[in-house]
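Visitor: Dropping a structure here in structure tokens format, bear with me for questions.
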Amino acid sequence: MPVTDVPQVQFEQPDLLSANTNFRPANNPKPKSSEQLKMDGFTKRPITLSKKAQLDMQLLLMIAKEYQPFNLVNDIEFRKFVTLLNPSYTLPTPKTLSENLLPQQYLKLKQKVKDQLSKALAVCVTTDGWTSDNNESFIGVTAHYIDPETSELCSYLLGCIEYEESHTAENLHQFLREQFKEWDIGHKVGAIVSDNAANILAAIHLSDWRSVSCFAHTLNLIVQTALGCISEITGKVKKNVEFFHRSTTGLNKLKSIQLQMNAPQLKLKQDVITRWNSTYDMLDRATKIKEALIATLALIRQDLVLSAEDWRVIESAVPILKIFYEVTTEISSEKTVSLSKVIVYCRLLSRHIDQRVSRTELEDPTQIKNLLQTLQDQLKKRFKI
């Protein structure tokens, strides 16, 4: 809705004399005690080209790293702010930023990365593709290597590239070859880590590169398959979450009851279909506010109340899934070499599930028995021995 009849507010202007040293009086006139110096009584002290270049670079970094639009430099209040800081500095135009300064810095940074990669003895590449909300296809390629001088793990995103070709194995194979050639690492690629899609696996094998399936993605497939055993109940919890995210009245009532119970004021969490960890978060959070959730729904939405059997399933599933959640979080580290942990984690997960299956009792919910059996079967199928 447009806002009308907004009162005009006058802001007090800061004292430029005391706040900025880039002004000096013309002819050095001495003002009378009752007079205030005017702006036209001063001249600007020009800044050096190196200083302007430094300011332009910092502006570009701010826009790039803070995800600001290029037309920020046209914002009236931003321009006033910059003028107060340094009246001699002239902001570049959006076109100068996007078509001049940004390409220059990109080329400099690209050469710097190439120089760093040239020192690497071997390179591991991770790649993944996805589709944006605007139905645009992108492929990301990241290079990882151990710095021979510092022995530190280094990673560089070589590109997040819009890809309009069909995602066939041959096309993806050619795409990877072009990327490796551009960065001069084709002869250094020791392995390529990807998801388990048939097209990218076939593309990697076309050049006899070593293929390593993403461990986190494989875990995601295992748990997503197993979660199908309790999908009816997770669907009910999801409806609870959607209701409280949608209803201000319901959310306020939940907070009020939590206060009455002297319980922490926690909100329900929504799950994301592509990340099973979010489903665990959703179920775990529901158990933490169980009493308040039951009381609130009983008062305002009885049709959404979960049964005692539903809660049995949820409270049994959470500790079973917790170890998968922790392993997924640990394996997602960017600063450590995670491949060396895979065998350890595979055995840890298998032992955890095998022990839990051995403790299964007749009174355990059928959904939990199915969940455990599916996890056990999937671990054996995906990780062999």
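The values are calculated or read from the model by the stated rules, or taken from the named source; none is laboratory data. For clarity, every value in this text was computed on a predicted model and none was experimentally measured. All Cβ positions, glycine included, derive from the backbone under ideal geometry; neighbour counts span all protein chains shown.
Visitor: Has the range 365-383 got at least one residue that is in a loop (DSSP other than H, G, I, E, B), at pLDDT 90 or above and either crowded, with 17+ Cβ neighbours inside 10 Å or not aliphatic (A, V, I, L, M) (or both)?
Guide: There is at least one residue in the range 365-383 that is in a loop (DSSP other than H, G, I, E, B), at pLDDT 90 or above and either crowded, with 17+ Cβ neighbours inside 10 Å or not aliphatic (A, V, I, L, M) (or both).
Visitor: Okay, moving on. Within the range 330-362, take every residue that is within 17 Å of P319 (Cβ to Cβ) and among the charged types (D, E, K, R) and give me the one that is modelled with the lowest pLDDT.
Guide: Here the answer is E361.
Visitor: Follow-up. Of all the residues that make up the range 160-197, how many are assigned to a strand (DSSP E or B) and surrounded by fewer than 16 Cβ atoms within 10 Å (Cβ to Cβ)?
Guide: Residues in the range 160-197 being assigned to a strand (DSSP E or B) and surrounded by fewer than 16 Cβ atoms within 10 Å (Cβ to Cβ): 4 in total.
Visitor: Across the range 73-102, what is the total count of residues that are small (G, A, S) and more than 14 Å from A53 (Cα to Cα)?
Guide: Number of matching residues: 1.
Visitor: Could you grab me the full set of residues in the range 218-258 that are polar (S, T, N, Q) and either surrounded by fewer than 16 Cβ atoms within 10 Å (Cβ to Cβ) or closer than 30 Å to K384 by Cβ (or both)?
Guide: T218, N220, Q224, T225, S231, T234, S247, T248, T249, N252, S256
Visitor: Which residue, of E330, E326, E291, is charged (D, E, K, R) and more than 24 Å from C214 (Cα to Cα)?
Guide: E291
Visitor: Could you check, for the range 269-277, whether at least one of its residues is of a type in the set (V, I, T) and assigned to a loop (DSSP other than H, G, I, E, B)?
Guide: For the range 269-277, residues of a type in the set (V, I, T) and assigned to a loop (DSSP other than H, G, I, E, B): present.
Visitor: Just to be sure, is Y67 under 25 Å from G159 (Cβ atoms), free of Cβ contacts under 8 Å to residues at least 40 places away in the same chain and part of a loop (DSSP other than H, G, I, E, B)?
Guide: Yes.
Visitor: Here's a follow-up. I'd like to check something: does the range 128-140 contain any residue that is assigned to a loop (DSSP other than H, G, I, E, B), of a type in the set (D, E) and loosely packed, with under 11 Cβ neighbours inside 10 Å?
Guide: yes
Visitor: Only residues in the range 323-334 that are over 20 Å from V193 (Cβ atoms) and surrounded by 14 or more Cβ atoms within 10 Å (Cβ to Cβ) count as the first member; pair them with residues that are at pLDDT below 90 and not basic (K, R), Cβ under 9 angstrom, at least 6 apart or cross-chain, and list the lot.
Guide: Matching pairs, first to second residue: Y325/W276; Y325/N277.
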